[in-house]
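Since every read-out is calculated from the coordinates, none of them should be taken as a lab result. What you see is a predicted model; the values in this text were computed from it and never measured. Here the Cβ positions follow ideal geometry from the backbone for every residue, glycine too, while neighbour counts run over all protein chains shown.
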Amino acid sequence: MKVTEIRNGNGAAGNGSGNGSLNGRGLALVPRTEVKQTLKDFKSDQEVRWCPGCGDYAILAAVQSFLPELGLKRENIVFVSGIGCSSRFPYYLNTYGIHSIHGRAPAIATGLAASRPDLSVWVITGDGDALSIGGNHLIHALRRNVNLNILLFNNRIYGLTKGQYSPTSEIGKITKSTPMGSLDKPFNPISLALGAEAGFVARTIDSDRKHLQGVLREAAAHRGASLVEIYQNCNIFNDNAFEALKDPATRDEITVKLEHGQPIVFGTGDNEKAVRLSPTGGVEVVRRADVADSEILVHDVHNPDPSLAFALSRLDDPAFEHVPIGIFRSVDRPSYDQLLNEQLDTAIAAKGPGSLAGLLNSGDTWQIN
Amino acid sequence: MTKQVQQLDRVIIRFAGDSGDGMQLTGDRFTAETAQFGNDLSTLPNFPAEIRAPAGTLPGVSSFQLHFADHDILTPGDAPNVLVAMNPAALKANLADLPRGADIIANTDEFTKRNLSKVGYAGNPLEDDSLKEWRLHAVPLTSLTVKALEGFDVSKKDAERAKNMFALGLLSWLYNRPTEGTTAFLEAKFAAKPEIAKANIAAFQAGWNYGETTESFSVSYEVKPAALAPGVYRNISGNMALAYGLVAASVQAKLPLFLGSYPITPASDILHELSKHKAFGVRTFQAEDEIAGVGAALGASFGGSLGVTTTSGPGVALKAETVGLAVATELPLVIVDVQRAGPSTGMPTKTEQTDLLMAMFGRNGESPVPVLAPATPADCFDMAIEAARIALAYRTPVMLLSDGYLANGSEPWRIPDIAELPDISVEFATTPNGEDGTTFLPFQRDADTLARPWAVPGTPGLEHRIGGIEKADGSGNISYDPDNHDRMVHLRQAKIDGIDVPDLSVDDPTGDAKVLVLGWGSTYGPIAAGVRRARAAGHKVAQAHLRHLNPLPANTGQVLRAYDKVLLPEINLGQLAMLLRARFLVDVIGYNRVRGLPFKAAELATVIQEVIESD
């Protein structure tokens, strides 16, 4: 690694020849490898120390088996995490990694991604880490559109501190710190991210590897900030929090699968439902049989106006009546590192590369002999 | 009419007015003229934290003091010889600092009944006898300016606003300053508004002419150029020197500079300055908060940049946890603390040395950090490079303690030859360092420096994970082993203790002084000036100044023990004194005043004399 490669980030592109969307905008600057990679290449030699049965195992396995698909040089991938159970994730991946401090991973990753456009930078965080102590950094990373893939493991509980309610816990949650029930209304991470006008926002679930990997694929291909909420089961302190989405008896009735270009319909048989615009300016769920096809909302992830995506995110309020899963929004705009490095290039084009002697001797000077 | 010209060896001028009167600009211009003329100089701006405090009130007074001389000087001066008072508030706020016999130039137009009563004057001090012990020059600066600008295509308001240039012209005549620089400056500043430029230049010229013709000023003064060492000079403030030092450090390290910062007085000017230098590959990131500023800097360091964050005390408090992470991950990082008066918000525009113990110890766990402090505004340049050198060579966060006085004060600076600057470049790790030839051990240390290898992402074969959890010595894997933790705590401390810093040098001209005056940081100028006065009065006294506070120079204990008494003036309640007493068991005598202002030379000369004469 030479300094010039770090300095002239926009020039340090990978060879980027075509392999579908993966070679597109998101990873175009990250060097690729011709060597075939497997899951094993991304396993570190460290013993995984989550509780047996934790949803994190499934996510780790999904990520490890997904990364080879990207075809990136392993040394150009970095995982940055904060504090919490999920934040141990980087130790288990054989890439570069920083396990940092509580809530600050997006800030640390911002400095890394802004100065190194040749890296694929992933932030691993949880509901407490990202939405409580680190809420400020999260929203600012999203609005700046820093080139990061942020995976938010949402288990709706504090696990590592042994079971206090989190900013995504439902009102009335009985925990060690809330014996009479929690009082505060939870954040909906998708609504929050859309409110910050994140370019890529999606939700997936630990138990559905195929869906999870599909979302990761799109997140990686997106250049700029991607927020992926992953429902993750904490079998010790909040077991079965997402059971309704997994139980064959209920899952099809409440899961609203969002697919770009498709009418938003879900449920089965007589219970089939559809989503349409509501008279109040949001969206509403109606019986499929009661609406004409033309009334059904067709999902458009590329809609530049985030209002509809936000309205869809509100379908989950009250929680778990209807839960949209999939990509809410995927809109391109220049990423922060790209704009920053363009300013460097512009300055160099206008003034030439900086001359230290010229700088120090600028302004009013005088000579003493 | 030719007036008499009188020679002086030094002069102290204070420009004082309302926050909106342009006193800082006037002071800056007079300073530039004075620098151009070749005097040695030192400046002290003093302004309220409020951008526009209520007009005409005492809290709204802004001032700029300039000391210039035909010899080398060390401070902005204790007491002004001349006070320019643009309104009653400026007179009232500054009169106590003015010795009897000094000149007062007062803008009579602003001494209205209303303005006088705003600051509690019952009568007009320009018209009663209350100022008879000073030499009062009552000048209607505003109306003379407006009159001089009749016929110019500017509004009455713009004409009135040019009164500071009239005052500058008058003072420029009084002290025979060159004027071309100011004319050129005004032309450039108002290039987009040529009528305003012309009006300001005319006001400036009118002020000069007024001095030449009025009977109020019978003599003008001349202060000959000082005999400074040969070289090319410029005037420079501490914040500017610090910013230039960081750019120079980046060039000399051959690494791109990444600044993560959040606006805070009095440090913001460093962010402003660095944001202009993108052609050097400097990336400036205005973060959402202080924590993100240092976090982003640390992330950039992990990626192979020279990561820097700039702030003041309240920001350092917020950054503490991330600095601890930098200690644990052993990554280079420079934290610039431009200290200001505390606690809490304190007095944002006033100076203090009260963050030393926070810089040393303000983190959880055993978390040693090197601490440096520049001695003068120009020294900020060298110490910024030194901070980067230590951070890079030892892979450690470094605290650089400037302060409000250094930040905004200025002095002539001999511009260094680039070839004189140290090479501070370091090597990234490129190959595995394990015995098997394939393993990478991110915490296997260099035998000399105890620094760990710096392997940046993008380097094949060196993929590794670091973090805030305790690491096994060598491998860097998570470790809760008691003996390993004990070893790592000692290794981190030993690395900092072993940093190579220059010896403390002592200025003891007679070689047999019994009293040593020790200082650190921005007190250098006032202490040296106080020592000079004490010596001129026949006293023997030695002086030494610490720029490296952690680790201390190896000979510090030896120096302290070589004197019967050690006097340590600090603008705090004895923070360095506490460290030195604990470390060396030397009975350091503190002199501690925390007024938000630098010490005065006369004040320290008295203290030095008292210590020498006491038993």
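For region B:1-125, what is the convex hull volume of the alpha-carbon atoms per residue, in Å³?
On the way: hull volume 16.2 nm³, N = 125.
Taking only Cα atoms, region B:1-125 has a hull volume of 129 Å³ per residue.
Take every Cα-Cα pair in chain A and report what % of them are more than 35 Å apart.
In whole percent, the long-distance tail amounts to 29.
Hey, rough spin-label estimate for B:Met578 and A:Glu170, points 7 angstrom out along Cα→Cβ, what's it come to in nanometres?
About 5.2 nm, to one decimal.
Which FRET efficiency, nearest 0.05, do B:Gln7 and B:Glu150 yield, Cβ-Cβ r, R0 35 Å? It would help to have the intermediate numbers written out before the result.
On the way: r = 38 Å, r/R0 = 1.08.
After rounding, the FRET efficiency stands at 0.40.
Rank the residues B:His485, A:His99, A:His322 as a footprinting-exposure proxy: fewest other Cβ atoms within 10 Å of their Cβ go first.
Going from least to most buried by this count: B:His485, A:His322, A:His99.
Students often get this wrong: which residues of region B:443-478 have the backbone nitrogen under 16 Å from the point 7 angstrom along Cα-to-C-beta of B:Arg487?
Residues B:443-447, B:450-452, B:470-478 qualify, since their backbone N sits under 16 Å from the label point.
For helix A:55-70, what angle does its Cα long axis make with the longest principal axis of chain A, in degrees from 0 to 90 and rounded to 10?
50
Taking only C-alpha pairs under 8 Å that are 6+ residues apart, what is the relative contact order of chain B in percent?
Contact order relative to length: 12 percent.
Across the Cα atoms of region A:140-231, what radius of gyration and what greatest pairwise Cα-Cα distance (Dmax) are found, in Å?
Radius of gyration, then largest Cα-Cα span, for region A:140-231: 14.9, 45 Å.
Just the projected area, averaged over all directions, of the convex hull on the alpha carbon atoms of region B:506-613: how many nm²?
Taking the Cα atoms of region B:506-613, their convex hull projects to 6.1 nm² on average.
By how many nm would the segment from B:Thr439 to B:Ser218 grow when fully extended, if each residue of separation counts as 0.36 nm and the alpha-carbon distance is taken off?
71.2 nm
Give the average, rounded to an integer, of partner chain Cβ atoms located within 10 angstrom of each Cβ in A:130-143.
2
Any chance you could list P(r) for the protein assembly as shown, counting all Cα-Cα pairs in 10 angstrom bins from zero, rounded to whole %?
2, 11, 18, 19, 17, 14, 10, 6, 2, 1, 0
Using only Cα atoms, locate the centre of region A:270-312 and the centre of region B:201-253, then give the distance between them in Å, rounded to an integer.
70
What is the mean projected area of the alpha carbon convex hull for region B:252-293, to one decimal in square nanometres?
3.2
Can you tell me the relative contact order of region B:4-223? Whole percent, Cα pairs under 8 Å, sequence separation 6 or more.
Numbers: 427 pairs, mean separation 49.7, N = 220.
Over region B:4-223, the number comes to 23 percent.
Computed FRET efficiency, Cβ-Cβ of A:Glu69 and A:Ala289, R0 25 Å: what is it to the nearest 0.05? Mind dumping the intermediate values first?
Values: r = 41 Å, r/R0 = 1.63.
The calculated FRET efficiency here is 0.05.
Which of A:Pro334, A:Val30, B:Ala199 sits farthest toward the positive end of the charge dipole of the protein assembly as shown, with +1 on the Cβ of Lys and Arg and -1 on the Cβ of Asp and Glu?
Sorting the options by dipole projection puts first B:Ala199.
What distance in nm separates the two pseudo spin-label positions at A:Arg49 and B:Glu427, each 7 Å out from Cα along the beta-carbon direction?
3.4
If each residue's Cβ is checked for other Cβ atoms within 10 Å, how do B:Asp158, A:Asp290 rank with the fewest at the top?
Taking fewest neighbouring Cβ atoms as first place, the list is A:Asp290, B:Asp158.
Can you give me the P(r) profile for region B:85-141? Cα pairs, bins 5 angstrom wide beginning at 0, each as a whole percent.
4, 21, 34, 29, 11, 1
Report the antiparallel proportion of the DSSP beta bridges in the protein assembly as shown as a percent, rounded to a multiple of 5.
Among the beta bridges of the protein assembly as shown, antiparallel pairing accounts for roughly 35 percent.
For chain A, find the longest principal axis of its Cα atoms and tell me its angle to the long axis of helix A:105-115, 0 to 90°, nearest 10.
The angle comes out near 40 degrees.
What three numbers, in Å, describe the spread of the alpha carbons of region B:1-50 along their principal axes, ordered from the longest?
The Cα atoms of region B:1-50 stretch 43, 27, 16 Å along the principal axes, largest first.
Could you work out the local net charge near B:Lys92, counting Lys and Arg as +1, Asp and Glu as -1, over the other residues with Cβ closer than 13 Å to its Cβ?
So the environment of B:Lys92 carries a net charge of -2.
Going by alpha carbons, how many degrees (0 to 90, nearest 10) lie between the helix axis of B:180-189 and the longest principal axis of chain B?
It works out to around 70 degrees.
Which part of region B:63-78 falls in the paramagnetic zone of B:Arg135, meaning amide N under 19 Å from the point 7 Å along Cα-to-beta-carbon?
Within reach of a label on B:Arg135: B:66-70, B:78.
Please check chain B for the longest run free of GluC sites (Glu not before Pro) that are loop-located per DSSP (anything but H, G, I, E, B) and have at most 14 other Cβ atoms within 10 Å.
Answer - B:436-615.
Loop-only check: which trypsin sites (Lys or Arg not before Pro) in region A:173-217 are DSSP coil with at most 14 other Cβ within 10 angstrom?
Loop-located and lightly packed - A:Lys176.
Restricting to chain A, what percent of DSSP beta bridges are antiparallel, rounded to 5?
Bridges in chain A that DSSP calls antiparallel: roughly 35 percent.
Are there any chymotrypsin sites (Phe, Trp or Tyr not before Pro) in region B:525-615 that are in a DSSP loop and have at most 11 other Cβ atoms within 10 Å? List them by number.
Within region B:525-615, no chymotrypsin sites (Phe, Trp or Tyr not before Pro) qualify (loop, at most 11 other Cβ atoms within 10 Å).
What is the log10 of I(q)/I(0) for region B:184-284, computed with the Debye formula using one identical point scatterer on each Cα and no solvent, at q = 0.10, 0.16, 0.18 Å⁻¹?
Debye output, listed in q order: -0.57, -0.95, -0.99.
If you put +1 on each Lys and Arg Cβ and -1 on each Asp and Glu Cβ, how big is the dipole of chain B around its Cα centre, in Debye rounded to 20?
1120
Taking other Cβ within 10 Å of each residue's Cβ, how do A:Ser226, A:Ser166 sort, fewest first?
Numbers: A:Ser226 31, A:Ser166 28.
The most exposed by this proxy come first: A:Ser166, A:Ser226.
Given region A:225-369, what whole percent of its Cα pairs are spread farther than 26 Å?
Counting pairs separated by more than 26 Å, the tail of P(r) holds 49 percent.
Binned at 10 Å from 0, what are the whole-percent values of the Cα-Cα distance distribution for region B:288-327, short to long?
Bins of 10 Å from zero give 35, 57, 9 percent of pairs.
What number, in percent, do you get for the relative contact order of region B:506-613 if the mean sequence gap of Cα pairs under 8 Å and at least 6 apart is divided by its residue count?
It comes to 36 percent, rounded to a whole number.
Roughly speaking, what is the stretch gain from A:Gln262 to A:Leu39, that is 0.36 nm per residue apart minus the C-alpha to C-alpha distance, in nm to one decimal?
Numbers: separation 223, 0.36 × 223 = 80.28 nm, distance 3.29 nm.
The A:Gln262-A:Leu39 span can extend by a further 77.0 nm.
Indicate, rounded to the nearest 5 percent, the antiparallel portion of the DSSP beta bridges found entirely in chain B.
Taking every DSSP beta bridge with both residues in chain B, the antiparallel ones total about 35 percent.
For region B:44-103, state which trypsin sites (Lys or Arg not before Pro) are in a DSSP loop and have at most 15 other beta carbons lying within 10 Å of their beta carbon. List each step's numbers first, then the result.
Details: sites: B:Arg52, B:Lys92, B:Arg100; in loops: B:Arg52, B:Arg100.
Sparse-neighbourhood loop trypsin sites (Lys or Arg not before Pro): B:Arg52, B:Arg100.
Based on the alpha-carbon gyration tensor of chain B, what equivalent-ellipsoid semi-axes (square roots of 5 times the eigenvalues) come out, in whole Å, largest first?
49, 28, 21
Using only alpha carbons, build the gyration tensor for region B:427-500 and give me the equivalent ellipsoid semi-axes, biggest first, whole Å.
The three semi-axes for region B:427-500 are 21, 16, 11 Å.
Quick check: convex hull of the Cα atoms in region B:4-223, volume per residue, rounded to a whole Å³? Please report the intermediate quantities before stating the final value.
Details: hull volume 26.2 nm³, N = 220.
Convex hull volume per residue, Cα atoms: 119 Å³.
When each pair of different Cα atoms in region B:332-380 is counted once in the 1/r mean, what is the Kirkwood radius in angstroms, to one decimal?
With all distinct Cα pairs of region B:332-380 included, I get 12.4 Å.
Using the Kirkwood formula over every pair of different C-alpha atoms, what hydrodynamic radius in Å results for region B:235-420?
Every distinct Cα pair counted, the radius reaches 15.7 Å.
Work out the FRET efficiency for A:Asn240 and B:Asp446 from their Cβ-Cβ distance, taking R0 = 56 Å, and round it to the nearest 0.05.
0.60
Mind checking the mean number of beta-carbon atoms from other chains within 10 Å of the Cβ atoms in A:76-83?
For peptide A:76-83, the averaged partner shielding equals 3.
Taking the dipole about the Cα centre of region B:506-613, with the C-beta of Lys and Arg at +1 and of Asp and Glu at -1, give me whichever of B:Pro551, B:Thr606, B:Ile589 is farthest to the positive side.
So the residue we want is B:Pro551.
Please report the projected area of region B:180-234's Cα convex hull averaged over all directions, in nm².
The Cα convex hull of region B:180-234, projected and averaged over all directions, gives 5.6 nm².
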